[in-house]
Amino acid sequence: MLSVEEALEAILSRIDVLGTERVDVMASLGRTLAEPIVSHRQIPPWPNSSMDGYAVRAADTGPDVVLRVVGRVEAGTLPARAVEAGEAMRIFTGAPLPEGADAVVPQEDVDAVDGRVSLRGGVDPAAYVRQAGEDVGVGDRVLERGTLLTAAEIGLLATLGHNQVSVHRRPRVAILSTGNELADLGTEPGPGQIPNTNTYSLMAQVLEAGGVPISLGVAPDRLEAIEERVRRACDADVILSSAGVSVGELDLVREALTRAGAALHLWKVSMRPGKPITFGSLGARPVFGLPGNPVSAMVTFELFVRPALLKMSGRRRLARARLRARALAPIANPGSRRGYLRVRLEAIDGALGARLTGEQGSAILRSMVAADGLAVIPPDTSIVPGDSVEVIILRELPSP
Ligand code: AMP
Ligand code: MG
């Protein structure tokens, strides 16, 4: 049986990066940058004040010094003249520093009377001055290809005058649920039926990973039916099915994928939940057959499909953040497979503690709902309170 790392490597080695498109800068939020951004601007463009106050020559300042106020400069205007020895100029936040001045005295630190200001003390050169180019210089490489574009990057792109930007295409992911027992959303489950969960949790996971989900609905456990749905997914970049990948008589997904023309590369991975996971290629398209239990499907998506989608999207960083937390209660992982167990994180005395979210059955979706992360527990291991455990972070962390 493959380790999780071996399986992931086998998968990623067969994943190609998708092409690119230009989009409006606001439409690039959550997308992956496909070009490095080199600045043609200097930010700030000129030295300017970070306070409302008086532009001065630092060398002139000191306790009880009185300076003559020789003008006024507001943001959006230019100073009418330079500041000479013994002079000050009224200045507002963001206004260009006049020639001759090299510092600003905040207005709360002076007494202003009759066109003069008296200082209470000296200021250092550059005090309250934002220097030209201190944020970005001309020619600076400010963003790398492969960066996820978030609010800060969007702001920087706007600062640098980019209306549009080149990003990687979003992977289109066709999602198929299989099983005679499944009643789809909108129909009341009949006798012996259960609601279809995976189509929806997987579509949501695809969206969260920056992909575009396309539902192929539910196929019954018949070879031709599954094969026909898989063939229908011809304009998708990835095909994702769930259930029917074990060794039961009705576990037909692997054979149906093969019939549809897929070459299968791997099947079982040493992990809990979710041992049976199939990965193959249908032409150039990656195909995943995830296990059917809702938690197994979600966890195998996290570990294998998400990194694959991020790679296709051109992302440089594929892995979720991991951190170490102290176990707050026992965590047992009997058996020979590595456990990815659902934990809730709690901030205790400024440190993070982890405890299981409850019963860890692979069909217990509520323990996934309560989870902040997945604790990675080696095989045959009993964690006791106080032990350090590694946690893959799935959500925003609780604040200490
Ligand atoms: P299977 O691998 O087909 O034996 O499925 C494993 C378990 O997952 C069974 O209990 C199925 O009923 C359940 N299951 C399969 N697909 C879904 C789905 N789309 N939504 C909810 N449960 C499912
Ligand atoms: Mg089944």
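The values are calculated or read from the model by the stated rules, or taken from the named source; none is laboratory data. Keep in mind that this is a model prediction, so the values were computed, not measured. Cβ atoms come from the backbone with ideal geometry, glycine included; neighbour counts cover every protein chain shown. Ligands, DNA and RNA are excluded from the accessible area calculation, which covers all protein heavy atoms including side chains. Shrake-Rupley method; radii C 1.70, N 1.55, O 1.52, S 1.80 Å.
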Could we say that GLY30 is out of contact with any helix residue (DSSP H, G or I) (no Cβ under 9 Å at 6 or more places or on another chain), at positive phi and not polar (S, T, N, Q) here? yes
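Considering only residues that are surrounded by fewer than 20 Cβ atoms within 10 Å (Cβ to Cβ) and either touching a residue at least 40 places away in the same chain (Cβ under 8 Å) or not in a loop (DSSP other than H, G, I, E, B) (or both), which ones fall in the stretch 236-253?
SER246, LEU250
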Sort out for me the strands (runs of 3 or more DSSP E) sitting completely within the stretch 1-113 that have 1 or more residues that are more than 42 Å from the chain's Cα centre (by Cα). 53-56, 66-73, 87-91, 110-113
List the pairs whose first member sits in the stretch 105-121 and is within 17 Å of ILE91 (Cβ to Cβ), whose second member is surrounded by 13 or more Cβ atoms within 10 Å (Cβ to Cβ) and acidic (Asp, Glu), and whose Cβ atoms are under 6 Å apart, counting only residues at least 6 apart or on separate chains? GLN107/ASP52
Examine the stretch 169-177 for a residue that is more than 23 Å from LEU282 (Cβ to Cβ) and either open to solvent by less than 50 Å² (accessible area, probe 1.4 Å) or within 16 Å of ligand 1 (Cβ to nearest atom) (or both), and state whether such a residue exists. no
If we only count helices (runs of 4 or more DSSP H) wholly inside the stretch 120-235, which ones have 2 or more residues that are within 16 Å of ligand 2 (Cβ to nearest atom) and modelled with pLDDT of 95 or more? 198-208, 223-232
Residue within the stretch 302-311 that is among the aromatic types (Phe, Trp, Tyr) and under 20 Å from the mean Cα position of the chain (by Cα) present: yes
For the stretch 72-89, check the following and say yes or no: at least one residue is basic (Lys, Arg) and touching a Lys or Arg at 6+ places or on another chain (Cβ under 9 Å). yes
Give the number of residues within the stretch 330-347 that are in contact (Cβ under 8 Å) with a residue 40 or more places away in the chain and over 14 Å from ILE377 (Cα atoms). 3
From SER388, SER313, grab the single residue that is within 29 Å of GLU9 (Cα to Cα), small (Gly, Ala, Ser) and open to solvent by 40 Å² or more (accessible area, probe 1.4 Å). SER388
Within the stretch 223-249, can you find the residues that are farther than 14 Å from GLY289 by Cα and within 13 Å of ligand 1 (Cβ to nearest atom)? GLY248, GLU249
Before we move on, is PRO106 at pLDDT 95 or above and either surrounded by 15 or more Cβ atoms within 10 Å (Cβ to Cβ) or within 20 Å of ALA158 (Cβ to Cβ) (or both)? yes
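Tally up the residues in the stretch 357-368 that are over 10 Å from VAL295 (Cα atoms) and either touching a strand residue (DSSP E or B) at 6+ places or on another chain (Cβ under 6 Å) or open to solvent by 60 Å² or more (accessible area, probe 1.4 Å) (or both), please.
Adding up the residues that qualify gives 2.
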